[in-house]
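To keep things clear, I will list the structure first and then write my remarks on it.
The values are calculated or read from the model by the stated rules, or taken from the named source; none is laboratory data. Small disclaimer: the values here were computed from a predicted structure and weren't measured. Every residue, glycine as well, gets a Cβ built from its backbone with ideal geometry; the counts of neighbours run over all protein chains shown. Note: areas computed on protein heavy atoms with side chains; ligands, DNA, RNA excluded. Shrake-Rupley method; radii C 1.70, N 1.55, O 1.52, S 1.80 Å.
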Amino acid sequence: MSLNFDKMDLPPRPKLFDFNGVSMTHFFTQNWENVQNFQARPDDILIATYPKAGTTWVSQILDMLYFGQTCPGRLTTLPIYERVPFLEMAIPNLLTGKDQADELPTTPRLIKTHFPVQFVPKAFWEQNCRIVYVARNAKDNMVSYYHFDCMNQGQPEAGDWNSFFQRFMDGNMVFGPWYDHVNGWWKKKQTYSNIHYMFYEDMIEDTGREIDKLCAFIGLSPSAEEKERVTIGVQFDNMKKNKMANYSTLPIMDFKVSPFMRKGKVGDWKNYFTVAQNEQFDADYKKKMKDPTLQLRCVI
Ligand code: A3P
């Protein structure tokens, strides 16, 4: 399986448009019918996140847990985007995420999506697949998304920080409002028990503890050495150095603008939000985040 990135002509930056009530770009909607008809299998694991919430981190953890022992060559020769296909991705000259997922030789198949919950293909629910959702506090998520949109030619132009800040609050982001995304998935968890809802901040606080919880959810019991190997392998500095995890092999991303593995911290928002922006953000947040059971930490 090859994504043939070398020969890829970089496409022009896409525009946002409304798609069934959610801001999207054609890179994630043009294969809609095929994606919606995706044949999920009962042992598939769907990794669902709002962009920049820690998708790659949890993908690498799951891949190491499942295949680190049985198939170590996979981790050293295949980039993360081939090991864990991005289901809805459909960029010209590349194998679609759906086709990549179809071709995955592993059991289970690890599949990534940024879809809001209402867009998830029905087969995942019908097959009662396990779903791992990662949420990240809105402020750091916004900052990370801003840098990502600056460096990734596959995303709409970021514009300047102030306009991006406003757009994020307005929900005019690819995959829609952060607020709806985290709340929609949280609500789904109340009726669909096979969702493990994780928080980026918890992973920063105690990666080992969160790996234990994840293992309990997926039914794996790694040995102490194996767990140690995974915990060390997925430390930020190690993933940043790891060409098979850090996206440095994708020409669509310009690392001169910003690396994919940028800071990996909680609280970087303080370096970007002005005092006035922070007040505006908090007031707006209070109006949008009404469910007291969903609490995200923007400091730890
Ligand atoms: P920053 O831009 O704040 O550094 P995603 O994989 O969903 O696109 O998320 C990317 C964000 O997760 C980036 O955040 C990236 O640095 C961070 N990240 C990736 N791997 C990480 C790790 N091992 N530890 C901490 N943060 C990590």
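Probing with 1.4 Å while keeping every protein chain in the model, the per residue accessible area of the chain equals 44 Å².
State the antiparallel share, in %, of DSSP beta bridges confined to the chain, rounding to the nearest 5.
Details: 4 of 19 bridges.
Percent antiparallel among DSSP bridges in the chain is about 20.
Pairs to check: K241/K270; K52/K270; K139/K286; K52/K288; K265/K286; K187/K265. Give those whose C-alpha atoms are more than 22 Å from each other in this structure.
Values: K241/K270 26 Å; K52/K270 17 Å; K139/K286 13 Å; K52/K288 20 Å; K265/K286 24 Å; K187/K265 27 Å.
Beyond 22 Å between Cα atoms: K241/K270; K265/K286; K187/K265.
The dipole here belongs to the chain: it is taken about the Cα centre, uses +1 on the Cβ of Lys and Arg and -1 on the Cβ of Asp and Glu, and is about 280 debye. Evaluate the chain: find the radius of gyration of its Cα atoms, find its Kirkwood radius, and give the ratio Rg to Rh. That ratio is 0.93, to two decimals.
Computed from the Cβ-Cβ distance with R0 of 30 Å, the FRET efficiency linking T70 to A123 stands at 0.70. Share of the chain's accessible area from carbon and sulfur, percent, 1.4 Å? Of the solvent-accessible surface of the chain, carbon and sulfur hold 51 percent.
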